[in-house]
Amino acid sequence: MSVGHFDFSGMLKSLNPEQHDAVQTLTGPLLVLAGAGTGKTKVITSRIANLIAHGVRPEQIVAVSFTNKAAKEMGERLAHMVGKAVQKRTILSTFHSFCLRLLREFPERAGLVAGFSIADEGVSRDLLRETLADHKLQEIFSLQSANEHISACKDALMRPADLGQAKHLVNRLLVKKVFEDYERRLRLYNLVDFDDIVYRTVLMLRDDSFVRETICSRYLHFLVDEFQDTSNSQFELIRLLGEKHRNVCAVGDDDQSIYAWRGAKPQVLFDFFKVFPEAKRVTLEQNYRCSSQILSVANSVISTNVTRLGKTLWSKKNENCPVRLHSAENERDEALFVTDQIQRLRREENLPWVGFTILVRSNAQTEILEQVFIERKIPYHVHGGSEFFDRKEIRDLLSYLRFANNPKDAKALFRVINVPTRGIGLRTLEQLSEGYEKRSAENPRTTFLDYLETSRSEFPAVAQYLEQYIPIHKEFLQARSQADVANCLKRCFEVLGLKQDILTTSKSMQIANWRTNLVDKMFAVVEKIELDQFSLANMVDALNLDETSFSPRREVGDRVQVMTIHASKGLEFPCVFVVGVEEKRLPHERSMETPAGVEEERRLFYVALTRAQKFLFLSHCGFRSRGSRHSRGADIQPSRFLSEVPEQSLLLSETDPDAEEAQRQEAAKRLFELFR
């Protein structure tokens with residue numbers, strides 16, 4: 001059998017028996033329980049290629065994942081099998097990209113107006129802040145708690161009207177008031193927030209039989225990657241799309257469900273069998289990443305969890321490298337242990353710096369590691385921090401693109417209308433907002449730009465600004481390519497004063513040059529965006545849904561990597577250090593109140609363990625600084641997870657009592673006792 005020039009029969013021979021079973025099961029619901037490192041991406045892409053080889057049209061296949069990186073990897077592998085042209089006809093995307101495609105096609109049926117924009121986090125926060133202030137609810141709800149309430153309601157697929165009956169919800173009538181007003185503000189500016197993208201799609205599919213039948217007739221096969229991470233609304237989306245043809249393949253691992261804080265729960269894998277009781281289950285247990293020694297430790301830990309479907313990973317890789325557990329005197333001693341082992345393995349194994357990764361439970365743990373790395377002249381890179389698209393100058397400039405696409409989005413224009421200062425202050429913006437709200441109530445088709453143009457006489461500073469802005473706005477609307485849009489943004493930057501604002505607000509010419517260079521990079525990003533079809537809306541959507549793909553990130557290069565365990569999900573490294581494996585840190589103290597919380601933390605530890613390919617080091621401290629306070633002795637205990645590992649599976653070590661750091665610490669303890 002072949003697909004194009006690809007020998008598919010050869011691919012089938014490369015699969016192990018369980019992978020082969022999953023790839024050859026082409027109809028009906030299928031759950032692939034895929035452990036860490038068991039080749040799930042290979043199974044998904046091979047299964048899609050097999051569907052196409054058996055006559056399913058590529059455009060009838062949808063595969064969704066949670067990150068654009070994962071979707072891109074699937075696309076590259078599938079293109080190698082079936083060719084780029086065929087691969088392009090399949091839909092390989094994130095949940096949000098797929099749902100946005102449907103909302104763009106049926107906006108009115110979803111209760112939206114064509115041309116809507118996606119409100120970024122800052123805009124959503126501003127609208128929520130205004131809502132709380134209008135109803136004088138700031139003392140009852142913090143901005144964060146109000147946002148969490150609304151997000152939870154949307155994931156539960158509740159409309160504001162449903163909250164009156166939600167007796168389980170504290171302050172349900174107040175939440176209802178906030179939810180209603182927040183939604184009204186989104187509609188005023190023709191916006192959807194990030195939660196809305198899935199929420200409104202699911203409500204539309206559930207309530208509109210025409211749309212549901214249209215979509216279910218169009219797409220016959222659905223594949224879901226990282227199924228354990230699906231939230232309630234995402235699971236309902238899959239149920240609605242798959243209930244007619246039943247061709248749903250869910251690939252996931254309940255042992256790697258680590259996103260409860262955003263609505264995911266391992267129970268979703270059990271729910272799959274409730275919705276699709278006839279589903280076939282295939283379990284992938286052969287691991288191609290880790291050594292058998294590492295898997296022995298990982299299996300011992302995760303088997304303690306009660307809420308799991310159950311599997312035991314195994315590997316043919318016997319590296320004869322035991323997992324090492326080190327008991328450190330304090331956090332500096334722990335960091336010194338890490339650097340000593342890195343330098344030893346550099347000599348003995350000739351590993352590059354980038355072959356070493358340190359995993360932490362929280363970013364607060366990185367400070368002492370960085371200090372010791374600097375002392376030892378070890379090159380390193382800490383993942384995280386401010387991203388390219390979070391920069392003020394980038395956000396400011398892209399506000400013009402958002403407003404050109406959606407001239408009802410007053411919030412986008414409010415961000416930049418007084419940059420640089422033009423005498424358009426807060427009171428003027430409040431008057432403009434109130435005036436537009438009244439005008440929009442009289443005529444919902446009125447855009448904010450329409451309102452500004454008819455109100456010039458009332459606001460002289462705004463009128464002066466419009467003289468400069470309107471010609472550029474018209475150029476945006478006439479744009480026919482990404483290069484045209486980039487040129488319009490350059491005009492905004494130079495003509496509307498954003499460049500001058502950078503020059504006048506920067507503390508030095510070097511900083512000003514750095515900021516303007518960032519803007520130049522943004523112009524290049526805009527020109528190179530890959531779109532199936534050019535439009536302002538498609539450009540804005542691409543930038544909103546996948547900012548990280550466009551950020552010109554600094555390359556890690558040959559440096560030791562430091563990241564949180566959550567950030568390491570889906571990655572693998574030759575050598576891994578998991579530091580701070582202690583009670584109240586891993587498991588985190590906030591999670592220790594419930595058995596479910598502890599089980600999630602155990603899954604997080606399991607994810608950390610299974611990132612390592614050959615070398616794995618675990619460590620904990622007996623004494624750790626916490627700001628001005630110190631904890632010692634009984635206050636810091638090794639994590640309960642370590643006691644779940646048979647002692648023979650670990651190579652134990654501890655601080656050498658003759659080492660310089662240990663002697664220094666002992667002297668400090670004696671001095672403390674003397675003056676206590």
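The values are calculated or read from the model by the stated rules, or taken from the named source; none is laboratory data. What you are looking at is a predicted structure, and each value in this text was computed from that prediction instead of being measured. For neighbour counting, all protein chains shown are included, and Cβ atoms are generated from backbone atoms with ideal geometry for every residue, glycine included. For the accessible areas, the whole protein counts, side chains as well, though only heavy atoms, and no ligand, DNA or RNA atoms are used. Shrake-Rupley method; radii C 1.70, N 1.55, O 1.52, S 1.80 Å.
Worth pointing out:
- Between Leu191 and Ser117, the built amide H atoms are under 5 Å apart, and every one of these is 5 or more places off in sequence or on another chain.
- With a 1.4 Å probe rolled over the protein heavy atoms of all chains, the accessible area of His80, His135 falls in the order His80, His135, largest first.
- Distances between placed amide hydrogens fall under 5 Å for Leu325 paired with Leu618, Leu651, Leu652, Ser653, all partners being 5 or more residues away or on another chain.
- Accessible-area ranking of Lys584, Lys311, largest first, probe 1.4 Å: Lys584, Lys311
- Here the range 290-358 is assigned +1 on the Cβ of each Lys and Arg and -1 on the Cβ of each Asp and Glu. Its dipole about the Cα centre then comes out at about 440 debye.
- Longest site-free stretch - the chain; sites: GluC sites (Glu not before Pro), DSSP loop, at most 10 other Cβ within 10 Å: 279-529
- Length released on extending from Arg125 to Gln343, taking residue separation times 0.36 nm less the Cα-Cα span: 73.8 nm
- For the range 1-114, the fraction of C-alpha pairs more than 16 angstrom apart is 63%.
- Loop-located trypsin sites (Lys or Arg not before Pro) in the range 408-479 whose Cβ has at most 13 other Cβ within 10 Å (DSSP): Arg445
- Dipole in debye (nearest 20) - the range 216-327, about Cα centre, beta carbon charges: Lys, Arg +1; Asp, Glu -1: 140 debye
- DSSP beta bridges confined to the chain are antiparallel in about 15 percent of cases.
- Of Lys176/Lys411; Lys438/Lys499; Lys521/Lys569; Lys69/Lys584; Lys42/Lys265, those spanning more than 31 Å from alpha-carbon to alpha-carbon: Lys438/Lys499; Lys69/Lys584
- Helix-derived mean residue ellipticity, 222 nm - over the chain, DSSP H n ≥ 4, -39500 (n - 2.57), to 500: -15500 deg cm²/dmol
- For the peptides 560-566, 24-30, residues were scored by their other Cβ atoms within 10 Å and the scores averaged per peptide; the highest-first order is 560-566, 24-30.
- Relative intensity, log₁₀ I(q)/I(0), of the range 406-544 from a Debye sum that treats every alpha carbon as a point, q = 0.11, 0.15 Å⁻¹: -0.48, -0.88
- Sparsely packed trypsin sites (Lys or Arg not before Pro) within the range 494-524, loop by DSSP, other Cβ within 10 Å at most 13: Lys507
- Rounded to the nearest 20 debye, the dipole magnitude of the chain is 800 debye, with +1 charges on Lys and Arg beta carbons, -1 on Asp and Glu beta carbons, and the Cα centre as origin.
- For the chain, the relative contact order works out to 18 percent when only alpha carbon pairs closer than 8 Å and six or more residues apart are counted.
- When the pairs Lys88/Lys244; Lys84/Lys280; Lys177/Lys392 are compared against a 29 Å limit on Cα-Cα distance, Lys84/Lys280; Lys177/Lys392 fall above it.
- Loop-located trypsin sites (Lys or Arg not before Pro) in the range 110-165 (DSSP state other than H, G, I, E, B) with a sparse environment of at most 12 neighbouring Cβ atoms within 10 Å: Lys136.
- Residue among Phe222, Phe194, Ala146 farthest towards the positive dipole end of the range 105-225, charges placed on Cβ: Ala146
- Quarter the surface of the alpha carbon convex hull of the chain and you get the mean projected area, 34.6 square nanometres.
- Nitroxide proxy distance, nm - points 7 Å out along Cα→Cβ at Ala483 and His566: 4.2 nm
- Among Trp261, Trp314, Trp353, the sequence by solvent-accessible area, most first, with a 1.4 Å probe is Trp261, Trp314, Trp353.
- The residue among Leu345, Thr428, Asn363 whose Cα reaches farthest toward the positive pole of the charge dipole of the range 326-433, with charges on the beta-carbon of Lys, Arg, Asp and Glu, is Thr428.
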